[in-house]
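Down below is the structure, laid out as structure tokens.
The values are calculated or read from the model by the stated rules, or taken from the named source; none is laboratory data. Note that the coordinates shown come from a computational prediction; the quantities given were computed from them, not determined experimentally. Note that each Cβ is placed from the backbone with ideal geometry, even for glycine, and that neighbours are counted across all protein chains shown. To get the accessible areas, we keep the full protein, side chains included, count just its heavy atoms, and leave off ligands, DNA and RNA. Shrake-Rupley method; radii C 1.70, N 1.55, O 1.52, S 1.80 Å.
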Amino acid sequence: MFQKVLIANRGEIALRVLRACKELDIATVAVHSTADADAMHVRLADESVCIGPPAARDSYLNIPAILAACEITGADALHPGYGFLSENARFAQILESHRITFIGPTSDHIRIMGDKIEAKRTARQLGIPVVPGSEGAVENEDEAASLASDIGYPVLIKATAGGGGRGMKVAHTAEELPHALATARAEAGAAFGNDSVYMEKYLGKPRHIELQVLGDGQGGAIHLGERDCSLQRRHQKVWEEAGSPALLPEQRAKIGGVVAGAMQKLGYRGAGTIEFLYENGEFYFIEMNTRLQVEHPVTEMVTGMDLVREQLLIAATGRLSVTQSDVTWSGHAIECRVNAEHPHSFRPSPGRITYFHPPGGLGVRVDSAAYQGYVIPPYYDSLAAKLIVAGRDRHECLNRLQRALDEFVVDGIDTTLPLFRDLVRNKDIRAGNYDIHWLEKHLKDGTAPSHE
Ligand code: ADP
């Protein structure tokens, strides 16, 4: 096992990784920007190193500073968390060449899955069903027009280097296509420094269902079931469930078998997520994330497994600690991403938390780096806390979530708690009857609450 792990991240995920390390008796190193000197991950780690000024590009994305922190502290492995450098193939490669274990997949697998065209091609070769669309990049308007008439409108133009829902535009008709192509390309160029785009059939009423996988890097791989992340705003997940209200256990076993088989063929190492859109009983691959995800706790709550512990064990030993038949699912779990944002306008609301009272009790988990008096800095994402609730079935889980949301108090800043209090009481949500467009429509209808 590792002696010392450097956690190249901040916020709740840095704490999450730190906790797993402590339970395995591994020493931890926190890194932080000057804005995060008082942050909880710095306080709880055994050692900490300041790696630069507030802007992420100068600190949490600063590869030389992070390498220097590894060297100064003698860390033998690095956990990247999610975001920041977690899907940066060059960073993984640099660590490999410095003999520091990157707790994640090989740089080759990160590179393949980071390019969405390459990822879809690979998925297809591995026998994973994909969304109908262009084989590769779409070069010009003529090519786009002929492709779109083959695929059938509406179509979606997506960024090859995409992430966070950026660089994505729908064309409902041939007339809309040139504009969609140009704006997607411009947005992709600005966001990712790469304006390559591709085309997909735009699905009208899909759910977003993703499968958690673990691989040992030597041909062994298992799946840990699905998460339903259909409740989204601007293609960003807001509320996640395990299992999906739309899937039966047999359907889980079937798609799980497909993805686990694919990861065995690929020789995938570590934790990963295969994302699908699901419509009319069919799964369509959209992308693979080669890292731990924000919503991983719902899988932990229904399987009883600690995913970060599994990541650490795989990285250290090259073995999985369990076989597929050891994995069982019990009950239901839901995660709400409580953001420091106005619940109606979604404007970021950084600042001092003057009062913080997280909920508790059976089946309630709060993953957060916030505390009373903590100042949420304006430089990073707005996730203030993840509220994760489990119950023996979905009904119990929803009732427990409702009372946990009512207990949760965060004063001094705006949060999205009122939105969740509205959602948990909504009849469509109660019935599990929603797709990826449901939340946007609900917000537009004005039925969502304004700030309390
Ligand atoms: P990103 O990497 O930017 O998050 P994804 O490919 O994962 O992009 O897609 C994000 C979300 O966008 C999906 O969860 C879904 O809501 C929507 N989306 C993506 N592809 C399609 C599609 N072909 N049809 C309809 N919606 C889509």
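If the condition is being within 13 Å of the ligand (Cβ to nearest atom) and of a type in the set (Gly, Ala, Ser), then the range 184-202 contributes Ala184, Ala188, Ala191. Look at (1) modelled with pLDDT under 95; (2) open to solvent by less than 20 Å² (accessible area, probe 1.4 Å) and you find that His344 fails only one, number (2).
Here Asp115, Asp25, Asp76 are screened, and the one residue that is open to solvent by 40 Å² or more (accessible area, probe 1.4 Å), among the acidic types (Asp, Glu) and over 21 Å from Arg291 (Cβ atoms) is Asp25.
Exactly one residue out of Gln264, Gln236 is out of contact with any Asp or Glu (no Cβ under 7 Å at 6 or more places or on another chain) and either within 20 Å of Glu295 (Cα to Cα) or open to solvent by less than 20 Å² (accessible area, probe 1.4 Å) (or both), and it is Gln236. Of all residues in the range 49-59 being in contact (Cβ under 8 Å) with a residue 24 or more places away in the chain and either in the same structural domain as Ser321 (by TED's automatic domain parsing) or farther than 17 Å from Ala75 by Cα (or both), which is most open to solvent (accessible area, probe 1.4 Å)? Ranking the candidates gives Asp58 first. Cβ-Cβ distances below 6 Å connect the following pairs, each with a first residue in the range 161-177 that is within 9 Å of the ligand (Cβ to nearest atom), a second residue that is assigned to a loop (DSSP other than H, G, I, E, B) and open to solvent by less than 40 Å² (accessible area, probe 1.4 Å), and a separation of six or more residues or different chains: Val170/Pro154. Among the residues here, Asp46 qualifies as assigned by TED's automatic domain parsing to the domain that holds Ile13, out of contact with any Gly (no Cβ under 9 Å at 6 or more places or on another chain), within 28 Å of Ala385 (Cβ to Cβ) and surrounded by fewer than 20 Cβ atoms within 10 Å (Cβ to Cβ).
You will find that of Leu383, Leu439, Leu401, Leu419, the residue that is at pLDDT 95 or above, in contact with a helix residue (DSSP H, G or I) (Cβ under 7 Å, 6 or more places away or on another chain) and not assigned by TED's automatic domain parsing to the domain that holds Gly11 is Leu383 and no other. Filtered by the rule that a residue be of a type in the set (D, E, K, R) and within 22 Å of His109 (Cα to Cα), the range 198-254 gives Glu210, Asp216, Glu226. Candidates are the residues of the range 129-152 that are within 16 Å of the ligand (Cβ to nearest atom) and open to solvent by 70 Å² or more (accessible area, probe 1.4 Å); the one that is farthest from Lys265 (Cα to Cα) is Asp150. The residue that is nearest to Gln293 (Cα to Cα), among those in the range 203-212 that are open to solvent by less than 10 Å² (accessible area, probe 1.4 Å) and either more than 16 Å from the ligand (Cβ to nearest atom) or out of contact with any Phe, Trp or Tyr (no Cβ under 7 Å at 6 or more places or on another chain) (or both), is Gln212.
Within the range 339-348, the presence of a residue that is closer than 30 Å to Lys444 by Cβ, touching a residue at least 24 places away in the same chain (Cβ under 8 Å) and of a type in the set (Ser, Thr, Tyr) is excluded.
Residue by residue, here is whether (1) surrounded by 21 or more Cβ atoms within 10 Å (Cβ to Cβ); (2) touching a residue at least 60 places away in the same chain (Cβ under 8 Å); (3) not in a loop (DSSP other than H, G, I, E, B); (4) not assigned by TED's automatic domain parsing to the domain that holds Leu61 holds:
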residue: Arg99; (1), (2), (3), (4): no, no, no, yes
residue: Pro105; (1), (2), (3), (4): yes, yes, no, yes
residue: Arg111; (1), (2), (3), (4): no, no, yes, yes
residue: Gly127; (1), (2), (3), (4): no, yes, no, yes
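Matching residues to (1) crowded, with 20+ Cβ neighbours inside 10 Å; (2) under 20 Å from the mean Cα position of the chain (by Cα); (3) without any contact (Cβ under 8 Å) to a residue 60 or more places away in the chain; (4) over 23 Å from Ile7 (Cβ atoms):
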position	(1), (2), (3), (4)
Phe285	yes, yes, no, yes
Leu292	yes, yes, no, no
Glu295	yes, yes, no, no
Thr303	yes, yes, no, yes
Glu310	yes, yes, no, no
Ala316	no, no, no, no
Ser321	no, no, yes, no
Gln324	no, no, no, yes
Arg337	yes, yes, no, no
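Only one of the numbered conditions (1) under 22 Å from the mean Cα position of the chain (by Cα); (2) open to solvent by less than 40 Å² (accessible area, probe 1.4 Å); (3) at pLDDT below 95; (4) not charged (D, E, K, R) is violated by Gly164, and that is (2).
For the range 355-377, filtered to residues that are surrounded by 12 or more Cβ atoms within 10 Å (Cβ to Cβ) and hydroxyl-bearing (Ser, Thr, Tyr), the residue that is nearest to Ala333 (Cα to Cα) is Ser368.
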